[in-house]
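The values are calculated or read from the model by the stated rules, or taken from the named source; none is laboratory data. Bear in mind that the values here come from a model prediction, so they are computed numbers and not experimental data. Positions of Cβ are generated from backbone atoms using ideal geometry, with glycine treated the same way; all protein chains shown enter the neighbour counts. Quick note on the areas: whole protein, heavy atoms, side chains included, nothing else; ligands and nucleic acids left out. Shrake-Rupley method; radii C 1.70, N 1.55, O 1.52, S 1.80 Å.
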Amino acid sequence: MKQAIFGMVVLSVALLGCGEKKEAAVKPVKGDVAAGKLLAEKTCKTCHGENGGGVAPAIPHLAAQREGYLLASLMEYKSGKRTHAGLRDIAAQMSDADMRNVAAYFAGLPPVQSAAATDVKHTSLYEKGKAFAAECASCHGEDGNAKTPGTPTLAGQQPHYLVTSILEYHRDDRKMTSMKSVVRDSDRLDLESLALYFSAQTPVQRSTPTHGDAVAGEALSAMCSGCHGARGVSVDTATPSLAGQDAQYLAKATKAYRTTRQNWGMQRYVANLSDKNIDDIVAFYASQQPKPADQILGSVQELAKKCDRCHDQEGDASSTSAMPKLKGQDKDYLVMALRAYHDGKRESTTMHNMSFPYSNAIMDNLASWYASQPMK
Ligand code: HEC
Ligand code: HEC
Ligand code: HEC
Ligand code: HEC
(Lines give C-alpha, C1' and ligand atoms only; values in the text may rest on other atoms or scores of the structure.)
(Ligands and ions follow the chains in the order given, each with its own letter.)
Protein backbone atom coordinates (compact mmCIF):
# COMPACT_ATOMS: atom_id res chain seq x y z
CA MET A 1 0.00 0.00 0.00
CA LYS A 2 2.72 2.41 1.06
CA GLN A 3 4.55 1.39 -2.05
CA ALA A 4 1.52 2.03 -4.15
CA ILE A 5 1.02 5.52 -2.72
CA PHE A 6 4.68 6.29 -3.23
CA GLY A 7 4.38 5.02 -6.75
CA MET A 8 1.40 7.25 -7.38
CA VAL A 9 3.18 10.27 -5.96
CA VAL A 10 6.19 9.61 -8.16
CA LEU A 11 3.90 9.14 -11.11
CA SER A 12 1.95 12.33 -10.54
CA VAL A 13 5.17 14.29 -9.96
CA ALA A 14 6.47 12.88 -13.20
CA LEU A 15 3.23 13.85 -14.91
CA LEU A 16 3.36 17.30 -13.39
CA GLY A 17 6.90 17.72 -14.61
CA CYS A 18 5.82 16.58 -18.01
CA GLY A 19 2.89 18.95 -18.09
CA GLU A 20 5.10 21.80 -17.00
CA LYS A 21 7.56 21.17 -19.80
CA LYS A 22 4.80 21.06 -22.37
CA GLU A 23 3.33 24.29 -20.99
CA ALA A 24 6.69 25.99 -21.18
CA ALA A 25 6.93 25.24 -24.87
CA VAL A 26 3.52 26.78 -25.45
CA LYS A 27 3.66 29.74 -23.09
CA PRO A 28 6.18 30.71 -20.43
CA VAL A 29 5.41 29.52 -16.92
CA LYS A 30 4.28 32.36 -14.72
CA GLY A 31 6.97 33.41 -12.26
CA ASP A 32 6.42 33.52 -8.51
CA VAL A 33 6.30 37.21 -7.64
CA ALA A 34 6.92 36.73 -3.90
CA ALA A 35 10.00 34.60 -4.51
CA GLY A 36 11.17 37.14 -7.10
CA LYS A 37 10.84 39.94 -4.55
CA LEU A 38 13.04 38.09 -2.06
CA LEU A 39 15.74 37.55 -4.66
CA ALA A 40 15.53 41.13 -5.90
CA GLU A 41 15.94 42.50 -2.39
CA LYS A 42 18.92 40.28 -1.78
CA THR A 43 20.77 40.60 -5.09
CA CYS A 44 19.47 43.38 -7.31
CA LYS A 45 18.47 46.21 -4.97
CA THR A 46 21.93 47.80 -4.71
CA CYS A 47 21.83 48.68 -8.38
CA HIS A 48 18.22 48.46 -9.56
CA GLY A 49 16.75 50.12 -6.46
CA GLU A 50 14.00 49.22 -4.06
CA ASN A 51 11.40 50.44 -6.58
CA GLY A 52 13.06 48.90 -9.67
CA GLY A 53 14.63 52.18 -10.74
CA GLY A 54 18.34 52.28 -11.65
CA VAL A 55 20.18 53.92 -8.73
CA ALA A 56 22.78 55.63 -10.95
CA PRO A 57 23.00 56.81 -14.56
CA ALA A 58 23.47 53.98 -17.08
CA ILE A 59 21.74 51.39 -14.88
CA PRO A 60 18.44 50.50 -16.54
CA HIS A 61 15.08 50.79 -14.81
CA LEU A 62 13.44 47.39 -14.59
CA ALA A 63 10.12 48.38 -13.02
CA ALA A 64 7.15 47.87 -15.39
CA GLN A 65 9.44 46.55 -18.14
CA ARG A 66 7.89 43.70 -20.14
CA GLU A 67 8.28 40.38 -18.41
CA GLY A 68 9.25 38.52 -21.57
CA TYR A 69 12.05 40.98 -22.29
CA LEU A 70 13.41 40.87 -18.72
CA LEU A 71 13.50 37.09 -18.86
CA ALA A 72 15.09 37.04 -22.31
CA SER A 73 17.79 39.53 -21.19
CA LEU A 74 18.70 37.49 -18.12
CA MET A 75 18.98 34.36 -20.23
CA GLU A 76 21.17 36.19 -22.70
CA TYR A 77 23.52 37.36 -19.95
CA LYS A 78 23.73 33.79 -18.70
CA SER A 79 24.40 32.33 -22.15
CA GLY A 80 26.91 35.06 -22.95
CA LYS A 81 24.95 36.41 -25.93
CA ARG A 82 24.72 39.70 -24.05
CA THR A 83 28.04 40.64 -22.61
CA HIS A 84 28.39 42.47 -19.32
CA ALA A 85 30.78 40.96 -16.81
CA GLY A 86 28.74 41.90 -13.72
CA LEU A 87 25.42 40.66 -15.03
CA ARG A 88 26.95 37.49 -16.41
CA ASP A 89 28.20 36.54 -12.94
CA ILE A 90 24.85 37.37 -11.35
CA ALA A 91 22.85 35.48 -14.01
CA ALA A 92 25.18 32.48 -13.77
CA GLN A 93 24.05 32.01 -10.15
CA MET A 94 20.37 32.03 -11.11
CA SER A 95 18.18 29.04 -12.01
CA ASP A 96 15.55 29.35 -14.74
CA ALA A 97 12.93 29.58 -11.99
CA ASP A 98 14.85 32.43 -10.27
CA MET A 99 14.87 34.32 -13.56
CA ARG A 100 11.16 33.83 -14.15
CA ASN A 101 10.38 34.90 -10.60
CA VAL A 102 12.47 38.03 -10.61
CA ALA A 103 11.22 38.99 -14.10
CA ALA A 104 7.63 38.63 -12.91
CA TYR A 105 8.40 40.71 -9.83
CA PHE A 106 10.01 43.66 -11.66
CA ALA A 107 7.44 43.59 -14.48
CA GLY A 108 4.68 43.94 -11.90
CA LEU A 109 6.13 47.02 -10.17
CA PRO A 110 4.65 50.41 -11.02
CA PRO A 111 6.83 52.49 -13.41
CA VAL A 112 9.43 54.77 -11.81
CA GLN A 113 8.99 58.48 -12.32
CA SER A 114 11.56 59.67 -14.80
CA ALA A 115 13.70 62.55 -13.59
CA ALA A 116 14.79 63.44 -17.11
CA ALA A 117 11.33 64.76 -17.96
CA THR A 118 12.18 68.25 -16.79
CA ASP A 119 15.59 68.77 -18.38
CA VAL A 120 15.04 67.39 -21.87
CA LYS A 121 14.99 70.87 -23.33
CA HIS A 122 18.45 71.58 -22.00
CA THR A 123 19.85 68.38 -23.41
CA SER A 124 18.32 68.91 -26.84
CA LEU A 125 21.19 68.99 -29.30
CA TYR A 126 19.01 70.75 -31.80
CA GLU A 127 18.66 73.70 -29.43
CA LYS A 128 22.36 73.57 -28.70
CA GLY A 129 23.12 73.60 -32.43
CA LYS A 130 20.79 76.51 -32.95
CA ALA A 131 22.64 78.52 -30.32
CA PHE A 132 26.04 77.75 -31.90
CA ALA A 133 24.71 78.60 -35.34
CA ALA A 134 24.57 82.25 -34.35
CA GLU A 135 28.36 82.33 -34.87
CA CYS A 136 27.90 81.28 -38.47
CA ALA A 137 25.05 83.64 -39.32
CA SER A 138 27.17 86.54 -40.56
CA CYS A 139 28.34 84.43 -43.52
CA HIS A 140 25.98 81.46 -43.81
CA GLY A 141 22.75 83.24 -42.85
CA GLU A 142 20.74 82.75 -39.69
CA ASP A 143 19.09 79.52 -40.85
CA GLY A 144 22.02 78.39 -43.02
CA ASN A 145 20.77 80.07 -46.17
CA ALA A 146 23.82 82.05 -47.27
CA LYS A 147 23.46 84.99 -49.65
CA THR A 148 27.07 85.87 -50.56
CA PRO A 149 28.35 84.27 -53.78
CA GLY A 150 31.12 81.80 -52.92
CA THR A 151 29.71 80.96 -49.49
CA PRO A 152 27.81 77.67 -49.47
CA THR A 153 24.28 77.24 -48.15
CA LEU A 154 24.19 74.84 -45.22
CA ALA A 155 20.40 74.68 -44.79
CA GLY A 156 19.04 71.22 -45.57
CA GLN A 157 22.52 69.79 -46.23
CA GLN A 158 23.17 66.16 -45.31
CA PRO A 159 24.22 65.89 -41.65
CA HIS A 160 27.13 63.45 -41.86
CA TYR A 161 28.56 65.45 -44.71
CA LEU A 162 28.36 68.67 -42.68
CA VAL A 163 30.34 67.08 -39.86
CA THR A 164 32.93 65.63 -42.26
CA SER A 165 33.41 68.87 -44.09
CA ILE A 166 33.92 70.86 -40.89
CA LEU A 167 36.51 68.31 -39.78
CA GLU A 168 38.24 68.77 -43.13
CA TYR A 169 38.74 72.43 -42.30
CA HIS A 170 40.02 71.48 -38.83
CA ARG A 171 42.57 69.13 -40.32
CA ASP A 172 43.48 71.71 -42.94
CA ASP A 173 42.51 69.30 -45.73
CA ARG A 174 40.36 72.15 -46.93
CA LYS A 175 42.19 75.43 -46.61
CA MET A 176 40.05 78.39 -45.66
CA THR A 177 41.25 80.56 -42.83
CA SER A 178 37.84 82.03 -42.06
CA MET A 179 36.33 78.56 -41.60
CA LYS A 180 39.25 77.11 -39.67
CA SER A 181 39.24 79.81 -37.03
CA VAL A 182 35.48 79.70 -36.66
CA VAL A 183 35.05 76.03 -35.88
CA ARG A 184 38.41 75.14 -34.36
CA ASP A 185 37.37 74.77 -30.77
CA SER A 186 34.26 72.69 -31.28
CA ASP A 187 34.19 69.14 -30.07
CA ARG A 188 32.49 66.32 -31.88
CA LEU A 189 29.15 66.68 -30.16
CA ASP A 190 29.08 70.41 -30.85
CA LEU A 191 29.68 69.67 -34.52
CA GLU A 192 26.92 67.12 -34.59
CA SER A 193 24.52 69.53 -32.95
CA LEU A 194 25.39 72.18 -35.55
CA ALA A 195 24.82 69.61 -38.30
CA LEU A 196 21.55 68.58 -36.72
CA TYR A 197 20.35 72.15 -36.70
CA PHE A 198 21.43 73.13 -40.21
CA SER A 199 20.27 69.96 -41.89
CA ALA A 200 16.78 70.46 -40.50
CA GLN A 201 16.41 73.95 -42.05
CA THR A 202 14.64 74.49 -45.36
CA PRO A 203 17.06 75.40 -48.15
CA VAL A 204 16.29 78.32 -50.46
CA GLN A 205 17.52 78.20 -54.04
CA ARG A 206 20.52 80.50 -54.66
CA SER A 207 20.46 83.10 -57.40
CA THR A 208 24.15 83.55 -58.28
CA PRO A 209 24.30 83.76 -62.09
CA THR A 210 25.93 80.86 -63.94
CA HIS A 211 27.70 80.89 -67.29
CA GLY A 212 27.38 77.19 -68.14
CA ASP A 213 24.83 75.38 -70.29
CA ALA A 214 22.34 73.63 -68.01
CA VAL A 215 21.07 71.31 -70.77
CA ALA A 216 24.56 69.99 -71.56
CA GLY A 217 25.12 69.83 -67.78
CA GLU A 218 22.06 67.66 -67.26
CA ALA A 219 23.43 65.01 -69.63
CA LEU A 220 26.80 65.05 -67.88
CA SER A 221 25.18 64.89 -64.45
CA ALA A 222 24.12 61.31 -65.14
CA MET A 223 27.47 60.14 -63.80
CA CYS A 224 27.04 62.17 -60.62
CA SER A 225 23.46 61.23 -59.79
CA GLY A 226 24.32 57.72 -58.60
CA CYS A 227 25.82 59.34 -55.52
CA HIS A 228 24.38 62.86 -55.37
CA GLY A 229 20.80 61.76 -56.05
CA ALA A 230 18.29 62.61 -58.76
CA ARG A 231 18.65 66.28 -59.71
CA GLY A 232 21.24 66.80 -56.99
CA VAL A 233 19.03 65.96 -54.03
CA SER A 234 21.11 63.48 -52.06
CA VAL A 235 19.46 60.74 -50.07
CA ASP A 236 22.68 59.62 -48.39
CA THR A 237 23.66 61.31 -45.15
CA ALA A 238 27.37 61.41 -46.05
CA THR A 239 26.98 62.72 -49.61
CA PRO A 240 26.20 66.41 -50.07
CA SER A 241 23.16 67.67 -51.94
CA LEU A 242 24.07 69.94 -54.82
CA ALA A 243 20.60 71.11 -55.92
CA GLY A 244 20.12 74.87 -55.72
CA GLN A 245 23.57 75.39 -54.16
CA ASP A 246 25.52 78.58 -54.90
CA ALA A 247 27.01 78.30 -58.41
CA GLN A 248 30.29 80.03 -57.62
CA TYR A 249 30.85 77.73 -54.65
CA LEU A 250 29.90 74.60 -56.61
CA ALA A 251 32.40 75.40 -59.37
CA LYS A 252 35.19 76.08 -56.88
CA ALA A 253 34.38 72.96 -54.84
CA THR A 254 34.24 70.68 -57.89
CA LYS A 255 37.52 71.98 -59.27
CA ALA A 256 39.15 71.62 -55.87
CA TYR A 257 38.93 67.83 -56.23
CA ARG A 258 41.36 68.11 -59.13
CA THR A 259 43.90 69.81 -56.89
CA THR A 260 43.57 70.03 -53.11
CA ARG A 261 40.43 68.25 -51.90
CA GLN A 262 40.93 64.59 -51.19
CA ASN A 263 38.13 62.15 -51.87
CA TRP A 264 38.81 59.07 -53.91
CA GLY A 265 35.30 58.81 -55.37
CA MET A 266 35.11 62.48 -56.34
CA GLN A 267 38.64 62.74 -57.68
CA ARG A 268 37.98 59.86 -60.05
CA TYR A 269 34.83 61.45 -61.46
CA VAL A 270 36.13 64.97 -61.76
CA ALA A 271 39.61 64.19 -63.14
CA ASN A 272 38.47 63.92 -66.76
CA LEU A 273 36.10 66.87 -66.81
CA SER A 274 37.07 70.08 -68.61
CA ASP A 275 36.36 73.48 -67.07
CA LYS A 276 33.52 73.85 -69.58
CA ASN A 277 32.03 70.49 -68.49
CA ILE A 278 32.16 71.64 -64.87
CA ASP A 279 30.52 74.97 -65.63
CA ASP A 280 27.72 73.12 -67.45
CA ILE A 281 27.16 70.68 -64.61
CA VAL A 282 27.16 73.56 -62.14
CA ALA A 283 24.59 75.44 -64.22
CA PHE A 284 22.38 72.37 -64.11
CA TYR A 285 22.65 71.70 -60.38
CA ALA A 286 22.39 75.34 -59.35
CA SER A 287 19.07 75.59 -61.22
CA GLN A 288 17.51 72.59 -59.47
CA GLN A 289 15.00 72.86 -56.65
CA PRO A 290 16.74 72.11 -53.31
CA LYS A 291 15.12 69.87 -50.72
CA PRO A 292 16.03 69.47 -47.06
CA ALA A 293 17.89 66.36 -45.95
CA ASP A 294 15.59 63.44 -45.33
CA GLN A 295 14.04 64.07 -41.98
CA ILE A 296 15.89 61.50 -39.96
CA LEU A 297 16.71 64.68 -38.13
CA GLY A 298 13.67 66.84 -38.53
CA SER A 299 12.02 65.89 -35.36
CA VAL A 300 12.92 63.18 -32.98
CA GLN A 301 9.26 62.44 -32.43
CA GLU A 302 8.88 61.57 -36.12
CA LEU A 303 11.82 59.22 -35.92
CA ALA A 304 10.58 57.71 -32.70
CA LYS A 305 7.40 56.65 -34.50
CA LYS A 306 9.54 54.21 -36.47
CA CYS A 307 10.88 52.80 -33.25
CA ASP A 308 7.49 52.63 -31.60
CA ARG A 309 6.29 50.15 -34.22
CA CYS A 310 8.29 47.58 -32.32
CA HIS A 311 8.92 49.11 -28.92
CA ASP A 312 6.04 51.08 -27.52
CA GLN A 313 3.01 50.07 -29.51
CA GLU A 314 -0.19 51.48 -28.12
CA GLY A 315 -2.27 48.78 -26.56
CA ASP A 316 0.45 46.15 -26.65
CA ALA A 317 -0.46 44.51 -23.42
CA SER A 318 1.30 41.23 -24.02
CA SER A 319 3.71 40.89 -21.15
CA THR A 320 5.47 37.97 -22.81
CA SER A 321 6.70 40.16 -25.64
CA ALA A 322 10.50 40.20 -25.74
CA MET A 323 10.45 43.78 -27.01
CA PRO A 324 11.77 46.26 -24.42
CA LYS A 325 9.79 49.39 -23.54
CA LEU A 326 11.91 52.49 -24.02
CA LYS A 327 9.65 55.21 -22.63
CA GLY A 328 10.80 56.32 -19.19
CA GLN A 329 14.05 54.32 -19.36
CA ASP A 330 17.26 55.86 -17.99
CA LYS A 331 18.76 58.20 -20.57
CA ASP A 332 22.40 57.22 -20.19
CA TYR A 333 21.47 53.58 -20.40
CA LEU A 334 19.58 54.18 -23.66
CA VAL A 335 22.51 56.08 -25.15
CA MET A 336 24.86 53.30 -24.15
CA ALA A 337 22.60 50.59 -25.57
CA LEU A 338 22.13 52.42 -28.87
CA ARG A 339 25.83 53.02 -29.32
CA ALA A 340 26.54 49.38 -28.51
CA TYR A 341 24.13 48.24 -31.27
CA HIS A 342 25.48 50.87 -33.64
CA ASP A 343 29.08 49.71 -33.12
CA GLY A 344 28.13 46.02 -33.22
CA LYS A 345 29.07 45.53 -29.55
CA ARG A 346 25.61 44.37 -28.55
CA GLU A 347 24.30 41.62 -30.75
CA SER A 348 21.01 42.28 -32.55
CA THR A 349 20.83 42.48 -36.32
CA THR A 350 17.56 44.38 -36.17
CA MET A 351 18.88 47.02 -33.81
CA HIS A 352 22.20 47.27 -35.59
CA ASN A 353 20.35 48.09 -38.79
CA MET A 354 18.03 50.49 -37.00
CA SER A 355 20.76 52.46 -35.25
CA PHE A 356 23.45 52.36 -37.92
CA PRO A 357 22.37 55.39 -39.95
CA TYR A 358 22.31 57.66 -36.92
CA SER A 359 25.04 59.86 -35.52
CA ASN A 360 25.80 60.15 -31.83
CA ALA A 361 23.86 63.40 -31.77
CA ILE A 362 20.70 61.75 -33.03
CA MET A 363 21.03 58.79 -30.72
CA ASP A 364 21.51 61.21 -27.85
CA ASN A 365 18.41 63.13 -28.87
CA LEU A 366 16.35 59.97 -29.24
CA ALA A 367 17.48 58.79 -25.83
CA SER A 368 16.59 62.15 -24.24
CA TRP A 369 13.19 62.03 -25.82
CA TYR A 370 12.40 58.49 -24.71
CA ALA A 371 13.75 59.08 -21.21
CA SER A 372 11.48 62.09 -20.83
CA GLN A 373 8.32 60.17 -21.74
CA PRO A 374 6.26 58.57 -19.00
CA MET A 375 6.52 54.78 -19.06
CA LYS A 376 3.18 53.13 -19.59
C1 HEC B 1 26.31 45.86 -9.63
C2 HEC B 1 25.09 46.47 -10.14
C3 HEC B 1 23.98 45.52 -10.62
C4 HEC B 1 23.39 44.50 -9.92
C5 HEC B 1 23.70 44.02 -8.50
C6 HEC B 1 22.36 43.97 -10.80
N7 HEC B 1 22.35 44.66 -11.98
FE8 HEC B 1 21.13 44.31 -13.55
N9 HEC B 1 22.11 45.71 -14.65
C10 HEC B 1 23.15 46.49 -14.18
C11 HEC B 1 23.71 47.24 -15.31
C12 HEC B 1 24.86 48.23 -15.25
C13 HEC B 1 22.98 46.85 -16.47
C14 HEC B 1 23.21 47.26 -17.94
C15 HEC B 1 24.12 46.20 -18.50
C16 HEC B 1 24.28 46.23 -20.00
O17 HEC B 1 24.74 47.23 -20.54
O18 HEC B 1 23.93 45.21 -20.65
C19 HEC B 1 21.97 45.91 -16.00
C20 HEC B 1 21.03 45.30 -16.86
C21 HEC B 1 20.06 44.43 -16.42
C22 HEC B 1 19.00 43.90 -17.26
C23 HEC B 1 18.77 44.27 -18.74
C24 HEC B 1 17.77 45.40 -18.78
C25 HEC B 1 17.51 45.96 -20.16
O26 HEC B 1 16.73 46.94 -20.24
O27 HEC B 1 18.06 45.47 -21.14
C28 HEC B 1 18.26 43.07 -16.49
C29 HEC B 1 17.02 42.30 -16.92
C30 HEC B 1 18.85 43.08 -15.16
N31 HEC B 1 19.94 43.92 -15.16
C32 HEC B 1 18.36 42.34 -14.09
C33 HEC B 1 19.02 42.25 -12.88
C34 HEC B 1 18.59 41.37 -11.82
C35 HEC B 1 17.36 40.51 -11.89
C36 HEC B 1 19.48 41.53 -10.81
C37 HEC B 1 19.49 40.80 -9.48
C38 HEC B 1 19.35 39.37 -9.56
C39 HEC B 1 20.47 42.49 -11.23
N40 HEC B 1 20.16 42.91 -12.50
C41 HEC B 1 21.53 42.94 -10.46
C42 HEC B 1 23.61 46.54 -12.89
C43 HEC B 1 23.32 45.62 -11.92
C1 HEC C 1 33.65 84.67 -42.20
C2 HEC C 1 32.61 83.97 -42.92
C3 HEC C 1 32.25 82.57 -42.41
C4 HEC C 1 31.83 82.22 -41.14
C5 HEC C 1 31.65 83.11 -39.91
C6 HEC C 1 31.54 80.80 -41.19
N7 HEC C 1 31.77 80.31 -42.44
FE8 HEC C 1 31.54 78.38 -43.06
N9 HEC C 1 32.24 78.87 -44.90
C10 HEC C 1 32.59 80.13 -45.32
C11 HEC C 1 33.08 80.08 -46.69
C12 HEC C 1 33.56 81.24 -47.53
C13 HEC C 1 33.01 78.70 -47.06
C14 HEC C 1 33.47 78.07 -48.40
C15 HEC C 1 34.92 77.65 -48.16
C16 HEC C 1 35.48 76.84 -49.28
O17 HEC C 1 35.46 77.29 -50.42
O18 HEC C 1 35.94 75.70 -48.97
C19 HEC C 1 32.47 77.98 -45.92
C20 HEC C 1 32.24 76.61 -45.91
C21 HEC C 1 31.60 75.93 -44.89
C22 HEC C 1 31.22 74.55 -44.95
C23 HEC C 1 31.41 73.59 -46.10
C24 HEC C 1 30.10 73.43 -46.82
C25 HEC C 1 30.14 72.49 -47.97
O26 HEC C 1 29.13 72.41 -48.69
O27 HEC C 1 31.15 71.81 -48.16
C28 HEC C 1 30.63 74.26 -43.76
C29 HEC C 1 30.03 72.93 -43.34
C30 HEC C 1 30.64 75.47 -42.95
N31 HEC C 1 31.23 76.47 -43.67
C32 HEC C 1 30.12 75.56 -41.68
C33 HEC C 1 30.22 76.70 -40.89
C34 HEC C 1 29.76 76.76 -39.54
C35 HEC C 1 29.11 75.62 -38.77
C36 HEC C 1 30.04 78.03 -39.07
C37 HEC C 1 29.78 78.60 -37.69
C38 HEC C 1 30.27 77.82 -36.58
C39 HEC C 1 30.68 78.75 -40.18
N40 HEC C 1 30.77 77.91 -41.25
C41 HEC C 1 31.08 80.06 -40.11
C42 HEC C 1 32.51 81.29 -44.58
C43 HEC C 1 32.21 81.35 -43.22
C1 HEC D 1 31.02 57.69 -56.03
C2 HEC D 1 30.09 58.68 -55.52
C3 HEC D 1 30.18 60.09 -56.12
C4 HEC D 1 30.09 60.43 -57.46
C5 HEC D 1 29.85 59.53 -58.65
C6 HEC D 1 30.20 61.87 -57.49
N7 HEC D 1 30.34 62.37 -56.22
FE8 HEC D 1 30.56 64.33 -55.73
N9 HEC D 1 30.82 63.83 -53.78
C10 HEC D 1 30.75 62.54 -53.27
C11 HEC D 1 31.06 62.57 -51.85
C12 HEC D 1 31.08 61.37 -50.90
C13 HEC D 1 31.36 63.93 -51.53
C14 HEC D 1 31.82 64.50 -50.21
C15 HEC D 1 33.35 64.35 -50.24
C16 HEC D 1 34.08 65.15 -49.23
O17 HEC D 1 33.82 65.05 -48.04
O18 HEC D 1 34.95 65.94 -49.68
C19 HEC D 1 31.19 64.68 -52.78
C20 HEC D 1 31.37 66.05 -52.89
C21 HEC D 1 31.07 66.79 -54.00
C22 HEC D 1 31.07 68.23 -54.07
C23 HEC D 1 31.37 69.18 -52.92
C24 HEC D 1 30.06 69.71 -52.38
C25 HEC D 1 30.24 70.72 -51.30
O26 HEC D 1 29.22 71.13 -50.76
O27 HEC D 1 31.37 71.10 -51.00
C28 HEC D 1 30.73 68.58 -55.33
C29 HEC D 1 30.56 69.99 -55.86
C30 HEC D 1 30.50 67.37 -56.06
N31 HEC D 1 30.71 66.30 -55.24
C32 HEC D 1 30.15 67.29 -57.40
C33 HEC D 1 30.10 66.13 -58.14
C34 HEC D 1 29.91 66.08 -59.56
C35 HEC D 1 29.74 67.30 -60.43
C36 HEC D 1 29.93 64.76 -59.91
C37 HEC D 1 29.77 64.16 -61.31
C38 HEC D 1 30.74 64.63 -62.27
C39 HEC D 1 30.11 63.99 -58.70
N40 HEC D 1 30.22 64.86 -57.65
C41 HEC D 1 30.16 62.61 -58.67
C42 HEC D 1 30.42 61.40 -53.97
C43 HEC D 1 30.34 61.31 -55.35
C1 HEC E 1 11.77 45.87 -36.13
C2 HEC E 1 11.64 46.06 -34.70
C3 HEC E 1 12.47 47.17 -34.05
C4 HEC E 1 12.53 48.50 -34.42
C5 HEC E 1 11.83 49.20 -35.57
C6 HEC E 1 13.38 49.14 -33.44
N7 HEC E 1 13.81 48.25 -32.51
FE8 HEC E 1 14.96 48.63 -30.84
N9 HEC E 1 14.91 46.66 -30.32
C10 HEC E 1 14.29 45.66 -31.03
C11 HEC E 1 14.57 44.37 -30.40
C12 HEC E 1 14.11 43.01 -30.87
C13 HEC E 1 15.38 44.66 -29.24
C14 HEC E 1 15.99 43.67 -28.25
C15 HEC E 1 17.34 43.29 -28.81
C16 HEC E 1 18.23 42.63 -27.79
O17 HEC E 1 17.86 41.61 -27.27
O18 HEC E 1 19.34 43.19 -27.53
C19 HEC E 1 15.57 46.11 -29.24
C20 HEC E 1 16.28 46.78 -28.25
C21 HEC E 1 16.45 48.17 -28.18
C22 HEC E 1 17.10 48.88 -27.11
C23 HEC E 1 17.69 48.27 -25.83
C24 HEC E 1 16.69 48.47 -24.71
C25 HEC E 1 17.12 47.87 -23.42
O26 HEC E 1 16.34 47.97 -22.46
O27 HEC E 1 18.22 47.32 -23.34
C28 HEC E 1 17.07 50.20 -27.43
C29 HEC E 1 17.64 51.36 -26.62
C30 HEC E 1 16.37 50.33 -28.70
N31 HEC E 1 16.01 49.06 -29.14
C32 HEC E 1 16.13 51.53 -29.35
C33 HEC E 1 15.47 51.65 -30.58
C34 HEC E 1 15.29 52.90 -31.28
C35 HEC E 1 15.73 54.26 -30.76
C36 HEC E 1 14.64 52.61 -32.44
C37 HEC E 1 14.24 53.57 -33.55
C38 HEC E 1 15.34 54.33 -34.15
C39 HEC E 1 14.39 51.17 -32.46
N40 HEC E 1 14.92 50.63 -31.32
C41 HEC E 1 13.70 50.50 -33.46
C42 HEC E 1 13.49 45.82 -32.16
C43 HEC E 1 13.29 47.02 -32.85
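Of the whole protein surface, residue 335 contributes about 20 Å² of accessible area at a 1.4 Å probe radius.
Over the stretch 123-286, what is the mean sequence separation of C-alpha contacts under 8 Å (at least six apart), divided by residue count, expressed as relative contact order in percent?
Working: 263 pairs, mean separation 45.8, N = 164.
About 28 percent, as a whole number.
Partner aspartates and glutamates whose Cα lies under 16 Å from the Cα of residue 37, excluding those fewer than 8 positions away in the same chain, are identified as 50, 67, 96, 98. Taking Lys and Arg as +1 and Asp and Glu as -1, the other residues whose beta-carbon sits under 10 Å from that of residue 251 total -1.
All other residues with a Cβ under 10 Å from the Cβ of residue 216 taken together, and with Lys, Arg as +1 and Asp, Glu as -1, what is their net charge?
On the way: positive: 276; negative: 213, 218, 279, 280.
Taking every Cβ under 10 Å from that of residue 216, the sum is -3.
Residues 268, 339 ordered from highest to lowest accessible area at a 1.4 Å probe: 268, 339.
Cα centroids of the stretch 264-291 and the stretch 330-351: 39 Å apart. Once all protein chains are placed together, residue 83 keeps about 110 Å² accessible to a 1.4 angstrom probe. Over 30 Å apart at the Cα level, from the set 45/325; 45/128; 291/331, are 45/128; 291/331. The heavy atoms of residue 252 present about 120 square angstrom of accessible area, all protein chains included, probe 1.4 Å.
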